[in-house]
Amino acid sequence: MDRQQEFVLRTIEERDVRFVRLWFTDVVGSLKSVALAPAEVEGAFAEGLGFDGSSIEGLARVYESDMLAQPDPSTFQILPWRGETEQTSRMFCDILTPDGQASAADPRNVLKRTLAKAADMGFTCYTHPEIEFYLLKSDKPGPDGLPVPVDEGGYFDHVPGGVAQDFRRTAVTMLESVGISVEFSHHEAGPGQNEIDLRYADALQTADNIMTFRTIIKEVALQQGSYATFMPKPFTQHPGSGMHTHFSLFEGDTNAFHEAGAEYELSRTARQFIAGILRHAPEFTAITNQFVNSYKRLWGGGEAPSYVSWGHNNRSALVRVPLYKPGKGNSARVEYRGIDSAANPYLAYAALLGAGLKGIEEGYDLTSPSEEDIASLSTAERRALGHDPLPASLHDAINAMENSEFMAEILGEQVFQHFLRNKRAEWNDYRLQVTPYELQRNLGIL
């Protein structure tokens, strides 16, 4: 037994932890949980906990349903919202096949495979997400059929006595109590919309943190009598909720994205990484924007990027290179702005990092940066500058991903096929719906 496992077992005993929750996700990133009695944890470390994988979306087919959940002791945390008595803890799990091999269908393993490839190339990947969400009065619509936000505040607004301020203070305190460092938090542009930015961490830890973050945000909202949603675009007239993520690659203690004296201080490695992301972005958009509603955000304005482009400090671009701070070479990074806050973080980060590594491996050339507001250009201007559109709907994104050898390689055949099957089913359900828009526009005139 290693030291981390011994620490977990000792903490469970000393803190009188009564329940140990094992967490993992299905193929679309829904959190799954099973509670262990403390006496069973040592056995789970050694052998894993058996469960029916065929009942979890994308994990296993019926004829190979036996799976094992093996807890990762490095992710052990007490869950503060469960109270001080009869404490509850959690650990994230790796999913194994009955013979103890890592499951090809486990989203966490998909990211671990990509990070292993990065390590083979000499890189450690750090990520820093900016997570947006809406705080609503309820999960039920108001009299007009629309969600009801908790306030009418806007970007950076200080709302005296506001629900969102108390909410953010409680949420940040709870996040930090489970080891998730927060950089800053504020009111976003939409009514009831908030943003909380997590401090940078390695990509696997960040993905685990995002899953914990979503749970804490929803728990705090419920405790305070409101409802938090990570739906990409709950309001037609207000901005959607993104999860802009900053990426950097390090070689030891050196930021591989920084080169003093180069244009924008960007190294050749960074430029190839950006080129990889841009080339493969249409192919992985189904992963970073996985719901029908995601495309209402991508194509609904409000700084959401709809075209393949990059720029220095250009917030209309898909990839932004933030303003360089002199003397801070280790802060050099690139920001991907297409991803929304409902994505499966394990698959999304595997796709983005995999695309960037592909650009480095293959020596992709980077196009010229865009300095214009890309959304304001004409179609002909965008075409001339090489700003191809991202998929316009989940249907288009599925088709782009389905034809991508790159995505099949990154995800592995099993996750690739299960994800596509799930998304096709969603699109087929959606395209058969008669929407309020159609009734309002057509019923009285046709």
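The values are calculated or read from the model by the stated rules, or taken from the named source; none is laboratory data. Computed from a prediction, not measured in an experiment: that's the story for all the values here. Heads up, the Cβs are rebuilt from the backbone with ideal geometry, glycines too, and the neighbour counts pull from every protein chain shown.
Residue pairs whose Cβ atoms lie under 6 Å apart, sitting 6 or more positions apart in sequence or on different chains, and linking a residue in the stretch 298-321 that is among the β-branched types (V, I, T) to a partner that is in a strand (DSSP E or B), are V319/W310; V319/V334; V319/Y336; V321/H312; V321/V334.
Counting only helices (runs of 4 or more DSSP H) that sit wholly inside the stretch 352-424, those with at least 1 residues that are surrounded by fewer than 17 Cβ atoms within 10 Å (Cβ to Cβ) and basic (K, R) are 379-385. In the same structural domain as N314 (by TED's automatic domain parsing) and either more than 27 Å from the chain's Cα centre (by Cα) or closer than 19 Å to N293 by Cβ (or both), is that true of P369? Judged against the criteria, P369 is not a match. Scanning the stretch 402-416 for residues that are out of contact with any Gly (no Cβ under 9 Å at 6 or more places or on another chain) and either polar (S, T, N, Q) or free of Cβ contacts under 8 Å to residues at least 60 places away in the same chain (or both) yields E402, N403, S404, E405, A408, F416. Considering the conditions (1) among the charged types (D, E, K, R); (2) closer than 17 Å to I78 by Cβ; (3) modelled with pLDDT under 95, E183 is excluded by exactly one of them, (2). Taken as a whole, the structure places G444 among residues that are over 24 Å from G300 (Cα atoms), exposed (fewer than 12 other Cβ atoms within 10 Å of the Cβ) and without any contact (Cβ under 8 Å) to a residue 12 or more places away in the chain. No other residue among G225, G192 is of a type outside the set (F, W, Y), buried (at least 19 other Cβ atoms within 10 Å of the Cβ) and at positive phi apart from G192. In a residue-by-residue description of the stretch 105-120, the property of being part of a loop (DSSP other than H, G, I, E, B), within 30 Å of F45 (Cβ to Cβ) and not acidic (D, E) applies to at least one position. For the stretch 296-311, state whether one or more residues are of a type in the set (K, R) and part of a strand (DSSP E or B). Checked the stretch 296-311: no residue is of a type in the set (K, R) and part of a strand (DSSP E or B). Would a scan of the stretch 285-306 turn up a residue that is in contact with a Leu (Cβ under 8 Å, 6 or more places away or on another chain), farther than 25 Å from A189 by Cβ, assigned by TED's automatic domain parsing to the domain that holds D373 and among the small types (G, A, S)? Yes: the stretch 285-306 contains one or more residues that are in contact with a Leu (Cβ under 8 Å, 6 or more places away or on another chain), farther than 25 Å from A189 by Cβ, assigned by TED's automatic domain parsing to the domain that holds D373 and among the small types (G, A, S).
Scanning the stretch 245-263 for residues that are part of a strand (DSSP E or B) and under 28 Å from E152 (Cα atoms) turns up at least one hit.
When F213 is tested against the conditions (1) surrounded by fewer than 17 Cβ atoms within 10 Å (Cβ to Cβ); (2) assigned to a helix (DSSP H, G or I); (3) in contact (Cβ under 8 Å) with a residue 40 or more places away in the chain, the lone failure is (1). When F133, F213 are screened for being out of contact with any Asp or Glu (no Cβ under 9 Å at 6 or more places or on another chain), under 30 Å from V334 (Cβ atoms) and either modelled with pLDDT of 95 or more or not assigned by TED's automatic domain parsing to the domain that holds G252 (or both), only F213 passes. Cβ separations smaller than 8 Å between residues 6+ apart or across chains give no pair from the stretch 372-400 residues that are in the same structural domain as S316 (by TED's automatic domain parsing) and over 30 Å from R424 (Cβ atoms) to residues that are of a type in the set (S, T, Y) and at pLDDT below 80. Would the stretch 84-95 turn up any residue that is more than 30 Å from A425 (Cβ to Cβ), assigned to a helix (DSSP H, G or I) and modelled with pLDDT of 85 or more? No, the conditions are met nowhere in the stretch 84-95.
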